[in-house]
Amino acid sequence: MNDIKSGFRHAAWINYAALTVVPVSPMTDSQIAPLNYFLHSYGPASMPTMHLGWVFVALLLVIFIIVALLLVWAVLHKRLTDAPDSIGREDAGMRWIYIGTGLSTCILFALVVYTLVTLNTVSKPAQAPGLTLTVTGYDWWWKVEYEDADPSRRFVTANEIHIPVGQPVLVKLKSADVIHAFWVPVLAGKTQMIPGLTNQQWIEADAEGIYLGQCTQYCGVQHAHMGLEVVAQSTAEFEKWQNAQRSTAATGSAAGVNAGQKIFLDQCAGCHAVRGTEAVGAHAPDLTHLNSRRLIAGGLLTNTPDHLTQWITHAQELKPGARMPSMMLTATELNALSAFLSTLN
Amino acid sequence: MAETMQLDQALPVGSEGKHSGGWWGVLALIATEASLFAYLLFTYFYLASQSEQRWPPEGLPALLVPGVNTVILLSSSVFVWASERCIQLRQSQWSLASMALAFILGVCFVAVQLNEWSKKGYDMASNLYGSLYFTITGFHMLHVIVGLVILMALLLWMALGYFDHRRYAAVSIGGLYWHFVDVVWLFVFTSLYLTPYLF
Amino acid sequence: MTDAVENTSAPALTRIPEMGSAPIGSAAEIRLTELWESAPGWRGWLSTVDHKTIGIRYLVTAFIFLLMGGVEALIMRLQLASPNQTLLTPEQYNQLFTMHGITMIFLYSLPILSGFSNYLWPLMLGSRDMAFPRLNAFSYWVFLFAGIFLYASFPLGQAPNAGWFNYVPFAGLEYNTGPNIDVYALGMVLLGISTTVGAINFIVTLFRTRAPGMSIGRVPILVWGTLTAAVANVFAVPSVSLAFFLLWLDRQTGTHFFDILNGGKPLLWQHLFWMFGHPWVYAVVLPAMGIVSDALPTFCRRPLVGYSAVALSTMATMLLGFGVWIHHMFATGLPTLALSFFGATSMVISIPSAVAVFAWIATIWLGRPVFNTPFLFFAGFVILFVIGGLSGVMVAAVPLDLQLNETYFVVAHLHYVLLGINVFPVVGGIYYWFPKFFGRMMDETLGKWSFWVMFIGFNLGFFPMHISGLLGMPRRIYTYSPHMGWSEVNRVTTVGSFVFAVGILIFLVNIVVSLKRGATATENPWDAPTLEWAVPSPPPAYNFAVIPLVASRHPLWEERLDEGAGRSSLDHGYLLMEGRETIGTTPLDAMPDVILKMPEDSYAPFFLGLFSALIFVGLLLHWRDFTVLMVLACILSLMAWMWPRKALVQRVPDINYDKGAAHG
């Protein structure tokens, strides 16, 4: 687990109020709005766009103020008292259109050029990406596969992406069901994940931290709760994390754990996988290193034993419509399962 | 007073040929239906160009039967045109005969195509090509059938003596729709049957 | 001239149209009233083809849909007022936001403008009716039935739920198994019929049935706006109808257009949908801009600045509007080159709009504003237009859009352009033309209150959405966490939306009160320039006792404008009363061309509309025999409608068994 501070507020779960988290990043005020890409950017894939946004907003605000003042002045300025019945001549006034449209066109042209330059800058990284991963959108979670030339070094995880700081990362985007969109606002713009296609984009983080992401293409009932996190680490930390992820699950030998593993294989392995056991389910998040992740349920809950058991037994109340059913387990079964899951570090 | 308008000349009354509202209406209808076929063919080329397998997957389409059918349809158009011409020349019997022949040729087209359809080894739901083929030719067939209903109505009204060389707007309007249906077939035929040979 | 009581008596094939005058109360005018009035009671109600009645129907029905869509929005705003609320389940929320979009975009925003145009066009153009009166009636009935069809699913909890843009595969059978999407698909194809025939009616009316002398450069800008929208619809609507039909085929007959496993492509849906969708959004604002261009000058006591520029900019906007649809798809992974082209065009399309904005400001500046309610709405509209347009320039910039897309920033933009450029001119337009429609003035005090409450409420509700969008709030989410920083902004938005609703309520109260107790309106209470103000308020069934002869853009201001233009002739013109008649003119110069015989009232449009709708009911419920029966019923209704009639001189007057000049 990374050394992070996290806070959460507890709400009565039976009201399907989701427990949520405050992400941490270098700038403390982005704790207020973690998806705020307008004021915060942490990488070269989004920085030029942020500046573009400032220029646009500033310029357009000025234009709006000028036009609004013109309108107000047009309405309010004093007129010579004419005969009340008279009708103004038709031909005056074209100059307004020429000047106004002319100025607008010049400004617009400049904006178009600046925009195209920015587009060119953010569409590809300055150097070739050193890391490639594939993110596949599922209803309503993210499968993350780390590629490598050597197949034995590939691994699968879910919902939490780790990247090394200061390097561009190529993210290939697929979908297992409907159209989703991958978006980590403070790092980069968004790209749709379209079934049948592989799209791609690049991200890069220039500072260590945790960056929140969100699905941004309406994909069904729980589109609102399809979040992800990108964790940027120093190269050394990242390597450590990668190696830990590559290892298979070390299953314990205590009797309670074995009972839990049995329950897992019976009831969960149809969907979930734990590398190193017989669980090879491919429809749900890979749980091999479940406890290395900060959040569960597609970003809905922090990963604590309590939340985990609540999720297992009341998934449909916390996230109605999710593919995870509310599992009917007795207290003993739940305890055993919980013990097993706690070994998945 | 309005400037230099001629206000005292005699004007035609009612639906007179290309002065009629109906003529303009059918032109606009043709514009929208032509757009529909444009979007259908866009769909065809879009999906074909992205297909990962060879296209068409059922092999190159045979050209003889649809080629002959194209000739049948085009000649029915000729007879519709001739029918309208005969009315203008006050040859009402020839006009009726011509229209009847056009109708029969149209029915032949439908019969031949239905037969062609039944001989295909695939249907609408078999694969993407089948979906495209039958939907596009199906839309066209629908327009042909509507056209046949129109031609039938024209035949009926002509037999009842409704039209003469002064008033025959319905024949022009209905005829134009039929010509449109034929022109669309040329595009459909080229796209579905001929372009596979070119690419 | 015969006393033609019997409409089936043989009219001549040509004649010189009689000129004269027919003051109220004269024998000629009474005769005209008899010819044109519809039967009273339910008979007239079902069979009328009077464009004014149909126009009011469109206005009322569209407004009811606006209120329904508004209620849907208010319920959503209650859910979103605070984080993690549980007023609605996710499925309920998703159906609400989908129906809100469908209602506002398809059942309100175009039909309301059709209502204005239907009512006003013949009056503005100096004609007795639209070119195709029965088609007009038909287009309304189909619109009504399509709206009912779409809403019938709601009480069953099976309303469409995939967003109004309905992307596949989510809208496909695999992920959406209920009838929800089938209702949407079939309802849209049915509605498309109404839109298309309505558009055809506008186009032919413009080109054929104007008063003599009303050359193309003299028609009001509302007419330009609606014409442009109509031409666009003729070419664009088939795209969405096809998309929905293909989706329905995939869902119900097993075709594979969007079936990924068999070569289908989800992006095909996006292309077909947005190739229609983008021109559509211009179709629902350009006529409303035309309303402002026609009504604002009245309250500035001068003609519009730059008539030609504004007319051309209307057409330019629409034309460019066909070339920007990819800007709804910037995030789909298309090549950067394509994105650059469409992005640049999407930014450039704001230039013709700038022409219109400066024309309006110049008109106010150079004129003498009359500070009444309609003026307030039109002046307020300019501000909202500018905000919406500027936020549009932002979302047009491709890299920015990759951040802004699918966030509340876009929601802010689209509501500023849709409410700002459609609803505000519509309400202002109702205040303007209410006296003409109903013969009564609306209350000024209530009017001003309604404007300020609406204006403040709208900005309070929707401006903060720019901020929540910039803070990363995605669209189409039924709730959000308290830690995202969106809570306060959403609270303000909810309050604003309710304030706006109060403004609408005041407006509705004003309508009811004014209908009952409003001051009687004269022919031209605003001293406005265009032809509709030359007839009584409300107009008689025949519109114009004599077809006027037009000499300028501002027939009622000619004396005072005195710019060397000729003088229109309003009291002396074509009588055209041998049955229901109006004049047909050449397309550009409006020279008299043909005497058009207008059809009597007919039940065929109602029945054809009903049977058409029932075809789609049959398709939805998989009742094959019923569907076939309805098709036959439609064919019969159409035959009855199209049967050549002597009275309309669609056939020769006498049965002629002439064997031909040279039988051989």
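The values are calculated or read from the model by the stated rules, or taken from the named source; none is laboratory data. This one's a predicted model, so the numbers in the text were calculated from it and none came from an experiment. Cβ coordinates were reconstructed from backbone atoms using ideal geometry, including for glycine residues, and neighbour counts include every protein chain displayed. Heavy atoms of the whole protein, side chains included, go into the accessibility calculation; ligands, DNA and RNA do not. Shrake-Rupley method; radii C 1.70, N 1.55, O 1.52, S 1.80 Å.
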- prompt: Are any of the residues in the stretch A:164-171 touching a helix residue (DSSP H, G or I) at 6+ places or on another chain (Cβ under 8 Å), outside any loop (DSSP other than H, G, I, E, B) and in contact (Cβ under 8 Å) with a residue 40 or more places away in the chain?
  reply: yes
- request: Working only within the stretch C:485-505, note down all residues that are touching a residue at least 24 places away in the same chain (Cβ under 8 Å), under 28 Å from C:ILE56 (Cβ atoms) and surrounded by fewer than 19 Cβ atoms within 10 Å (Cβ to Cβ).
  value: C:VAL502
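Mind telling me which of the residues C:LEU296, C:LEU334 ends up being within 27 Å of A:ALA188 (Cα to Cα) and either open to solvent by less than 10 Å² (accessible area, probe 1.4 Å) or not in a helix (DSSP H, G or I) (or both)? If you could, list the steps in order and put the result at the bottom.
On the way: C:LEU296 fails: within 27 Å of A:ALA188 (Cα to Cα).
Answer to the selection: C:LEU334.
Would it be correct to say that C:THR345 is assigned to a helix (DSSP H, G or I) and within 20 Å of C:GLY217 (Cα to Cα)? First the steps, then the outcome.
On the way: assigned to a helix (DSSP H, G or I): yes; within 20 Å of C:GLY217 (Cα to Cα): no.
In short, no.
Residues being within 13 Å of B:GLY14 (Cβ to Cβ) and assigned to a strand (DSSP E or B): count how many of those fall in the stretch C:571-604.
So the count comes out to 9.
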Single match in A:ALA315, A:ALA282 (criterion: closer than 25 Å to A:THR216 by Cα, of a type in the set (Gly, Ala, Ser) and at pLDDT 95 or above): A:ALA315
query: Is it true that some residue in the stretch C:57-74 is away from chain B (no Cβ under 14 Å) and in a loop (DSSP other than H, G, I, E, B)?
result: no
message: Considering only the stretch A:90-104, I want to know if a residue exists there that is at the interface with chain C (Cβ under 9 Å from one of its Cβ atoms), within 16 Å of C:MET394 (Cβ to Cβ) and either free of Cβ contacts under 8 Å to residues at least 60 places away in the same chain or in a loop (DSSP other than H, G, I, E, B) (or both).
response: yes
- request: Tell me, please, whether a residue that is over 15 Å from the mean Cα position of the chain (by Cα), modelled with pLDDT of 95 or more and open to solvent by less than 10 Å² (accessible area, probe 1.4 Å) can be found in the stretch C:112-122.
  value: yes
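Does C:PHE458 fit the bill of being at negative phi, open to solvent by less than 30 Å² (accessible area, probe 1.4 Å), touching a strand residue (DSSP E or B) at 6+ places or on another chain (Cβ under 8 Å) and part of a helix (DSSP H, G or I)?
On the way: at negative phi: yes; open to solvent by less than 30 Å² (accessible area, probe 1.4 Å): yes; touching a strand residue (DSSP E or B) at 6+ places or on another chain (Cβ under 8 Å): no; part of a helix (DSSP H, G or I): yes.
Here the answer is no, as C:PHE458 does not meet what is asked.
Tell me whether the stretch A:56-66 contains one or more residues that are open to solvent by 20 Å² or more (accessible area, probe 1.4 Å), under 30 Å from C:ILE467 (Cβ atoms), out of contact with any Cys (no Cβ under 9 Å at 6 or more places or on another chain) and at the interface with another protein chain (Cβ under 7 Å from one of its Cβ atoms).
Within the stretch A:56-66, the subset open to solvent by 20 Å² or more (accessible area, probe 1.4 Å) is A:57-59, A:61-66.
Still in the list and also under 30 Å from C:ILE467 (Cβ atoms): A:57-59, A:61-66.
With the extra rule that they be out of contact with any Cys (no Cβ under 9 Å at 6 or more places or on another chain), the set shrinks to A:57-59, A:61-66.
Now drop any that are not at the interface with another protein chain (Cβ under 7 Å from one of its Cβ atoms), which leaves A:63-64.
There is at least one residue in the stretch A:56-66 that is open to solvent by 20 Å² or more (accessible area, probe 1.4 Å), under 30 Å from C:ILE467 (Cβ atoms), out of contact with any Cys (no Cβ under 9 Å at 6 or more places or on another chain) and at the interface with another protein chain (Cβ under 7 Å from one of its Cβ atoms).
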task: Go through the stretch B:50-73 and count every residue that is at pLDDT below 95 and of a type in the set (Ser, Thr, Tyr).
output: 1
- prompt: Looking only at the stretch C:464-483, which residues are touching a residue at least 60 places away in the same chain (Cβ under 8 Å) and more than 22 Å from A:LEU187 (Cα to Cα)?
  reply: C:ARG476, C:TYR478, C:THR479, C:PRO482
- line: The residue that is nearest to the other protein chains (Cβ to nearest Cβ), considering only those in the stretch A:172-191 that are open to solvent by 10 Å² or more (accessible area, probe 1.4 Å) and free of Cβ contacts under 8 Å to residues at least 40 places away in the same chain, is A:THR191
task: Considering each residue of the stretch B:1-47, count those that are more than 7 Å from chain C (Cβ to nearest Cβ), β-branched (Val, Ile, Thr) and either surrounded by 19 or more Cβ atoms within 10 Å (Cβ to Cβ) or in a helix (DSSP H, G or I) (or both), and give that number.
output: 2
query: Do we have any residue at all in the stretch C:142-153 that's more than 21 Å from the chain's Cα centre (by Cα), over 30 Å from C:GLY290 (Cα atoms) and either at pLDDT below 95 or open to solvent by 20 Å² or more (accessible area, probe 1.4 Å) (or both)?
result: yes
- prompt: Does at least one position in the stretch A:208-229 carry a residue that is open to solvent by less than 10 Å² (accessible area, probe 1.4 Å), within 12 Å of chain C (Cβ to nearest Cβ) and more than 16 Å from the chain's Cα centre (by Cα)?
  reply: yes
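So, C:VAL223, is that one in a helix (DSSP H, G or I), more than 8 Å from every other protein chain (Cβ to nearest Cβ) and open to solvent by 10 Å² or more (accessible area, probe 1.4 Å) or not? Explain how you work it out, then say what you get.
Details: in a helix (DSSP H, G or I): yes; more than 8 Å from every other protein chain (Cβ to nearest Cβ): yes; open to solvent by 10 Å² or more (accessible area, probe 1.4 Å): no.
Criteria not met by C:VAL223.
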task: Give the residue that is farthest from the chain's Cα centre (by Cα), with candidates limited to residues of the stretch C:250-270 that are open to solvent by 10 Å² or more (accessible area, probe 1.4 Å) and at the interface with chain B (Cβ under 7 Å from one of its Cβ atoms).
output: C:ASN262
query: Considering the stretch B:171-199 alone, what residues qualify as being over 16 Å from the mean Cα position of the chain (by Cα) and not hydroxyl-bearing (Ser, Thr, Tyr)?
result: B:LEU192, B:LEU194, B:PRO196, B:LEU198, B:PHE199
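Going by the conditions given, is A:THR134 of a type in the set (Ser, Thr, Tyr), in contact (Cβ under 8 Å) with a residue 40 or more places away in the chain and open to solvent by less than 30 Å² (accessible area, probe 1.4 Å)? If you could, list the steps in order and put the result at the bottom.
On the way: of a type in the set (Ser, Thr, Tyr): yes; in contact (Cβ under 8 Å) with a residue 40 or more places away in the chain: yes; open to solvent by less than 30 Å² (accessible area, probe 1.4 Å): yes.
When the stated conditions are applied, A:THR134 passes them.
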- line: Selection from the stretch C:461-478 of residues open to solvent by less than 20 Å² (accessible area, probe 1.4 Å) and out of contact with any helix residue (DSSP H, G or I) (no Cβ under 6 Å at 6 or more places or on another chain) yields C:GLY472, C:PRO474
query: Could you list, in sequence order, the residues of the stretch B:149-164 that are assigned to a helix (DSSP H, G or I) and either open to solvent by less than 20 Å² (accessible area, probe 1.4 Å) or of a type in the set (Gly, Ala, Ser) (or both)?
result: B:LEU151, B:ALA153, B:LEU154, B:TRP157, B:ALA159
